[in-house]
Amino acid sequence: MRYYATASGPIVRDAMRAGRLGMIATPAAGNTVHEGVDWCADNSCFNPGRYPGDEKYLAWLARHAAHAARCAFATAPDVVGDAAATLARSVPMLPRIRAAGFRAALVAQDGLERLPVPWELTDGLFLGGTTRWKLGSAAADLTAEARARGLTVHMGRVNSLRRLRHAAAIGCHSADGTCLIYAPRHNLPRLLSWLDQVNQPGGTRPPTGRP
């Protein structure tokens, strides 16, 4: 399990350069992608008003093309909680993200399990959506389908060991979260400990209770 975090301070960046963490970058945050660091590109749609628009997003990706080989995925634009609206927004963009040299990821939102999924256009699945949906059986089934097709699966908003274990248990390859934005000196050792636990044999056992 790989964890992508915001580069919040020198000790976090050191952990990224050492390969302990990956970096998540967004056009809204204005992140600098560091040489040699594994990273992913998110579109900023989760925060209303932060997505810069399709052309500016593609231009932002183009400015980071030198780092595309180390980028796990770049998400197509989505609409939080609405799979149908997300597909209308994402389908035209997925080939354009690929053409820019990046692996294109479709953000799964509530209701995607009831719609035709354009698997042939995407290189990965990003589990977004509401918390209830993301932690339910529909997201787990979509994860299994994506993995069967050889795609990578990522879960967003993972900020606890319980949820990290859940993501790993259903088959996610990676996750991200904001737990290092505040008090990184305190939270970085905790996060690295969570990853050590999840990545050890038997560490992906499903947790009891709600993630």
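Quick rundown of the values:
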| quantity | calculated |
| --- | --- |
| Positions within the stretch 122-154 being outside any loop (DSSP other than H, G, I, E, B), surrounded by 17 or more Cβ atoms within 10 Å (Cβ to Cβ) and hydroxyl-bearing (Ser, Thr, Tyr), in sequence order | THR143, THR152 |
| Sole residue being surrounded by fewer than 21 Cβ atoms within 10 Å (Cβ to Cβ) and within 18 Å of THR130 (Cα to Cα), chosen from ASP42, ASP82, ASP54 | ASP82 |
| Residue check, ALA66 open to solvent by 30 Å² or more (accessible area, probe 1.4 Å) and outside any helix (DSSP H, G or I) | no |
| Pairs where the first residue, in the stretch 35-51, is farther than 13 Å from VAL80 by Cα and of a type in the set (Val, Ile, Thr) and the second is open to solvent by 80 Å² or more (accessible area, probe 1.4 Å) and modelled with pLDDT under 95, C-beta under 6 Å, 6+ apart | none |
| Test for ALA59: is it closer than 26 Å to ALA168 by Cβ, of a type in the set (A, V, I, L, M), open to solvent by less than 70 Å² (accessible area, probe 1.4 Å) and out of contact with any Cys (no Cβ under 7 Å at 6 or more places or on another chain) | no |
| Those residues of the stretch 10-23 which are out of contact with any Leu (no Cβ under 8 Å at 6 or more places or on another chain) and open to solvent by 20 Å² or more (accessible area, probe 1.4 Å), in sequence order | PRO10, ARG13, ASP14, ARG17, ALA18, GLY19 |
| Options ARG103, ARG98: the member that is out of contact with any Gly (no Cβ under 8 Å at 6 or more places or on another chain) and either without any contact (Cβ under 8 Å) to a residue 12 or more places away in the chain or not polar (S, T, N, Q) (or both) | ARG98 |
| Residue check, THR26 modelled with pLDDT of 95 or more and buried (at least 19 other Cβ atoms within 10 Å of the Cβ) | yes |
| Leading residue by the ranking (nearest to ALA139 (Cα to Cα)) among those in the stretch 167-183 that are in a helix (DSSP H, G or I) and open to solvent by less than 30 Å² (accessible area, probe 1.4 Å) | ALA167 |
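For every residue, the table says whether it meets (1) within 30 Å of SER193 (Cβ to Cβ); (2) in a loop (DSSP other than H, G, I, E, B).
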{"position": "ILE24", "(1), (2)": "yes, no"}
{"position": "PRO27", "(1), (2)": "no, yes"}
{"position": "ASN31", "(1), (2)": "yes, yes"}
{"position": "TYR51", "(1), (2)": "no, yes"}
{"position": "ALA85", "(1), (2)": "no, no"}
{"position": "PRO116", "(1), (2)": "no, yes"}
{"position": "GLU120", "(1), (2)": "no, no"}
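Here is a yes/no grid of residues against (1) touching a Ser or Thr at 6+ places or on another chain (Cβ under 8 Å); (2) touching a residue at least 12 places away in the same chain (Cβ under 8 Å):
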{"residue": "TRP119", "(1), (2)": "no, yes"}
{"residue": "ARG132", "(1), (2)": "no, no"}
{"residue": "ALA138", "(1), (2)": "no, yes"}
{"residue": "ALA144", "(1), (2)": "no, yes"}
{"residue": "THR152", "(1), (2)": "yes, yes"}
{"residue": "GLY156", "(1), (2)": "no, yes"}
{"residue": "HIS166", "(1), (2)": "no, yes"}
{"residue": "ILE181", "(1), (2)": "yes, yes"}
{"residue": "LEU191", "(1), (2)": "no, yes"}
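The values are calculated or read from the model by the stated rules, or taken from the named source; none is laboratory data. The model shown is predicted, which means the values in this text are computed figures rather than measured ones. Neighbour counts are summed over all protein chains in view; Cβ atoms, including those assigned to glycine, are modelled from backbone coordinates with ideal geometry. These accessible areas exclude ligands, DNA and RNA; they are computed on the full protein's heavy atoms, side chains included. Shrake-Rupley method; radii C 1.70, N 1.55, O 1.52, S 1.80 Å.
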